[in-house]
Amino acid sequence: EKGGFPSFMEKEIHDQPAAVHDTLLGRSDPRGRLILDELRIDPAELKQVNKIIVLACGTAAYAGMVAKYAIENWCRIPTEVELAHEFRYRDPIVDKNTLVVSISQSGETMDTLMAVRYAREQGAKTVSICNTNGSTIPRESDAVLYTHAGPEIAVASTKAFLAQITAAYLLGLYLAQLRGNIFSGQIKDVLADLNKIPEKIQTVLDTTGPLRELARSMKDEKSVLFLGRNVGYPVALEGALKLKEIAYLHAEGFAAGELKHGPIALIDAGQPVFVVVPSPRGRDSLHSKVVSNIQEVRARGARTLVIAEEGDEAVREYAEHVVYVPETPPLLMPLLTTVPLQIFAAELAAAKGFDVDQPRNLAKSVTVE
Ligand code: F6R
């Protein structure tokens, strides 16, 4: 059932082109209009939404962080992302014009469920982005947008993450369409770019040899850091989480702009640092800022391992190792840049001899607090 792969996680990493493809399937028409009738929330009510709160835990929360950048950009609706277990134990402000979007692969995460229940009691409208048909969170929400990643067996989430980002993007585009925030031509272009993602993920999967070799050579490392900005920031957090979970390796992700505010003190000779570099075609200052961050850590002896967009020659000079991913619009980059980090973690954990699919102390679905 592992389809010839050494672990379910490896299989699921390779399922990602299909996971994104299937999540996009049938949700827009050829003219580039979103069709999300399945949501069954009155469009008039959705037009009233003046605040979005995304609730989730772990990897699903990182998908929410990625989505925040896109949703605010397209819909101009203030969007917060909060860990469900933090949200439910404070006194959050939600009302009938708040749209609460929960993200959960299993649909059974207790903290996420309780947070959704609370929000609903306060009158918020609740949409669940979920991978498991008929599970509890979608049943208790006003609406559901399923991710079609297929069953995820490995404890560490991979294909569900990319499918969650995809579904949240569709929701964001749908809200923008309803509210007339962006031109229909622009929605059509984003959809066209999303439709090209599966093929580009495949390209990333087909070129992992040197990265796997690098991972195997690093099995005695004690700590790995990850830096990113903008949508690359949650990708850095996710890269670090994957290493903690399955390779039992200390890893931390930072917003690259935070370096000077503390974390740069951690850098000494030989410290491996992954840097997720934004597209040089995006907001220009972001790319050059991240390139300076690479220089800063390198000047202190770090080993710089860089994920960058094809054609970005500027990073080569400062990088010990570069993984190039195909060109794609800046907001869609996480759907590509996450993949090498998943592969790195899976390969490193396997090299250490660990059970990649069943890491110690973790359960696939956290149905207790
Ligand atoms: C990480 C991982 C966890 C889950 C989290 C939420 O690889 O699997 O962090 O993402 O426990 O689970 P769901 O999405 O089922 O609510």
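The values are calculated or read from the model by the stated rules, or taken from the named source; none is laboratory data. Not measured: the values here are computed from a predicted model. Ideal geometry is used to build each Cβ from the backbone, glycine not excepted, and the neighbour counts take in all protein chains shown. With ligands, DNA and RNA removed, areas are computed over all heavy atoms of the protein, side chains included. Shrake-Rupley method; radii C 1.70, N 1.55, O 1.52, S 1.80 Å.
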Per DSSP, the loop-located chymotrypsin sites (Phe, Trp or Tyr not before Pro) within segment 35-140 having at most 15 other beta carbons within 10 Å are Y89
Here the FRET efficiency for N50 versus K364, based on Cβ atoms and R0 = 41 Å and rounded to 0.05, is 0.70
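Can you give the Kirkwood hydrodynamic radius of segment 48-172 from its Cα pairs, in Å with one decimal? Could you put the intermediate results ahead of the total?
Numbers: mean 1/r = 0.0718 Å⁻¹.
It is 13.9 Å.
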Summing -39500 (n - 2.57) over every DSSP H run of at least 4 residues in the chain and dividing by its residue count gives a helix-only mean residue ellipticity at 222 nm, to the nearest 500 deg cm²/dmol, of -13500 deg cm²/dmol
Quick calc, segment 1-148, dipole around Cα centre from Cβ unit charges on Lys, Arg (+) and Asp, Glu (-), nearest 20 debye, gives 360 debye
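Let me know the whole percent of all Cα-Cα pairs from the chain that are separated by more than 31 Å. Before the final figure, lay out the partial values.
Values: 21830 of 67896 pairs.
Value for the chain: 32 percent of Cα pairs lie more than 31 Å apart.
Find the accessible area per residue for the chain; the probe is 1.4 Å, ligands and nucleic acids are left out, and the unit is Å². All intermediate terms of the calculation are to be shown ahead of the outcome.
Working: 14930 Å² over 369 residues.
Ligands and nucleic acids excluded, the result is 40 Å² per residue.
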As straight-line cross-link partners of K260, the qualifying aspartates and glutamates (C-alpha separation under 12 Å, not fewer than 8 residues apart within one chain) are E296
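Report the charge-dipole magnitude of segment 110-251 in Debye, nearest 20, computed about the Cα centre from +1 at each Lys and Arg Cβ and -1 at each Asp and Glu Cβ.
Working: 16 positive and 14 negative charges, 24 e Å.
For segment 110-251, the charge dipole is close to 120 debye.
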The distance between the Cα centres of segment 330-369 and segment 59-87, in whole Å, is 21 Å
Between E38 and S292, the two model label points (7 Å from Cα along the beta-carbon direction) sit apart by a distance in nm of 4.5 nm
Among trypsin sites (Lys or Arg not before Pro) in segment 85-148, those in a DSSP loop whose Cβ has at most 15 other Cβ atoms within 10 Å are R90, K96
Whole-Å distance linking the alpha carbon centroid of segment 92-109 with that of segment 1-27 is 26 Å
Relative to the chain, whose Cα atoms define the longest principal axis, helix 58-75 and its Cα axis are tilted in degrees, nearest 10, by 70 degrees
On each of the three principal axes the extent of the alpha-carbon atoms of segment 274-369, given in whole Å and largest first, is 44, 31, 26
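With the alpha-carbon atoms as the only input, what is the per residue convex hull volume for segment 208-310 in Å³?
On the way: hull volume 10.1 nm³, N = 103.
In segment 208-310, the Cα hull volume divided by residue count equals 98 Å³.
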Rounded to a whole %, the carbon-and-sulfur portion of the accessible area of the chain at a 1.4 Å probe is 50 percent
For the chain, the dipole about the Cα centre with charges only on Cβ (Lys and Arg +1, Asp and Glu -1), to the nearest 20 debye, works out at 460 debye
Once normalised by the length of the chain, the mean sequence separation of its alpha carbon contacts under 8 Å that are 6 or more apart gives a contact order in percent of 19 percent
Beyond 28 Å (Cα-Cα) in this structure, taken from K51/K200; K2/K68; K188/K364; K159/K188, we find K51/K200; K2/K68; K188/K364
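Taking a quarter of the surface of the convex hull around the Cα atoms of segment 118-158, what do you get in nm²? Kindly include the intermediate steps, with their values, before the conclusion.
Values: hull surface 13.7 nm².
Its average projected convex-hull area is 3.4 nm².
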Cα-only Rg/Rh for segment 1-92 with Kirkwood Rh rounds to 1.06
